[in-house]
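Note sheet for the following structure.
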Amino acid sequence: KMKKVVVFTTGGTIAMKYDEKQGGLVPAVSGEDLAKAVPGLDKLAEIEVREFSNVASCNMSPERMFKLSQTIEVALTDPSVAGAVVTHGTDTLEETSYFLDLLHASEKPVCVVGAMRGASDTSPDGPANIYQAVQVAASCEAKDKGVLVVLNNLIHAAAQVRKTHSANCDTFGSPWWGPIGYCDQDRVVFRRAPLGRKVFNPEALTATVDLIPAETGLGTEYLDVAIARKVNGIVIEGFGRGNIPPAMIPGIDRARKAGIAVVIATRAFAGRPYETYAYPGSVGDSKAHGAIRGSEASGAQNRLKLMVILSQYPNLANEPKELEALMDS
Ligand code: ASP
């Protein structure tokens, strides 16, 4: 019997066409049209298309990601459903994929897919990418590997993938790690599996977290804005090992006094932030002022993870050791 795959469409270039009046690509293609444009899709799996939204992915918000996650997880509880595919704009695809991964306990595959060329462009890449995403979602090999990103024949783990080029079809990469598998004509080939996934299950997404990039010469300006906004957490994307301008440190003090969790991430593509150094602005210094280490994921991903954790465990904002154990994993 043919496997069933539910395709959730959210929008993105994959579902856009050129509009002469507006002079650019705009959302235009329905979920049904998307599936119809893929020759041979019906031979891979029984497809059910559900339109979640049709927006450019700059409109994605953590709240929408949470709703999408809940919708997918409910669909996957149906024993007749083998896996899910999510079509998504590529701009924030790595955020939504990571968010879905943080909440994805089921062993069934969820594949997030996008396209760099619009549906009306010459040689659109959307149809081939959707074909491959369904191929992966319907495969036994993809089971228990969390949320996967499938584009351009390659399969990436959600926690490692980044959009690396603003326009090229070969844009998704997993710096340092590489893809975990690929799609071939007859089957899906995996060579690695992501390790160390931790799954959370907050009832609602209640925590707010700001992401602040370290800038050379920066002081407490943005930290003070975040404190005034009464966020529950702040992720600072530091340089290299997580070092930040020393003039930001008094802002960490003020945030901690206000009960706001402060997490240090790195703007490097890979590697953990760490208290290697003891000079002003180092992670050692930030930690002495109440901040904690995040993980080797991007600043944006650390932000989403902190939102999820503080939503599930609000009291951890004032338990730096326990919070760090969860964040740095
Ligand atoms: N602008 C698009 C988006 O919605 C880019 C894409 O899908 O490739 O993210």
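Structure notes:
- Rg/Rh (Cα only; Kirkwood hydrodynamic radius) as it applies to the chain: 1.00
- Charge dipole magnitude, Cβ of K and R +1, D and E -1 - the range 221-296, Cα centre, debye nearest 20: 200
- When the charge dipole of the range 275-329 is built from unit charges on Cβ atoms (+1 for Lys and Arg, -1 for Asp and Glu) and taken about the Cα centre, the candidate among Val308, Met327, Ala278 whose Cα reaches farthest toward its positive end is Val308.
- Packing-based exposure ordering (other Cβ within 10 Å, fewest first) of Tyr98, Tyr279, Tyr274: Tyr279, Tyr274, Tyr98
- Computed over Cα pairs, the Kirkwood radius of the range 190-258 leads via Stokes-Einstein (1.567 mPa s, 4 °C) to a diffusion coefficient of 92 µm² per second.
- Going from the fewest other Cβ atoms within 10 Å to the most, the residues Asp19, Asp210 appear in the order Asp19, Asp210.
- Under a model in which nothing but the beta-carbon of Lys, Arg (+1) and Asp, Glu (-1) is charged, the chain shows a dipole of about 440 debye around its Cα centre.
- When the Gaussian network model of the chain links Cα atoms closer than 10 Å, the mean-square fluctuations of Pro179, Pro250, Pro109 top out at Pro250.
- Shape of the range 269-329, Cα gyration tensor, a/c cut at 1.5: oblate
- Placed amide H near Phe172: partners under 5 Å, 5+ positions off or other chain: Thr164
- Exposure proxy ranking for Ser61, Ser123, based on other Cβ atoms within 10 angstrom of each Cβ and starting from the fewest, stands as Ser123, Ser61.
- Backbone phi angles across the range 13-29, fed through the Karplus curve with coefficients 6.51, -1.76 and 1.60 (θ = phi - 60°), yield HN-Hα couplings of 3, 3, 10, 10, 10, 5, 10, 4, 4, 8, x, x, 6, 9, x, 8, 10 Hz in residue order; Gly and Pro are listed as x.
- Model label sites at Cys140 and Asp42, defined 7 Å from Cα along the beta-carbon direction, differ in position by 2.7 nm.
- Cα gyration tensor shape for the range 173-329, rounded if a/c is under 1.5, else prolate or oblate: prolate
- Scaled radius of gyration (Cα, divided by 2.2 N^0.38 Å) that the range 35-130 gives: 1.10
- Farthest positive-ward along the chain dipole, Cα basis, beta-carbon charges - from Val113, Gly242, Met60: Gly242
- Residue among Val81, Leu44, Thr96 farthest towards the positive dipole end of the range 34-105, charges placed on Cβ: Leu44
- Gaussian network model of the chain, Cα within-10 Å springs - most flexible of His165, His156, His104: His165
- Around the Cα centre of the range 157-308, unit charges on the Cβ atoms of Lys, Arg, Asp and Glu (plus for the first two, minus for the last two) sum to a dipole of about 360 debye.
Throughout, read-outs are computed from the coordinates displayed, never taken from laboratory work. Just so we're clear, the structure is a prediction, and the values are computed from it rather than from any experiment. Every residue, glycine as well, gets a Cβ built from its backbone with ideal geometry; the counts of neighbours run over all protein chains shown.
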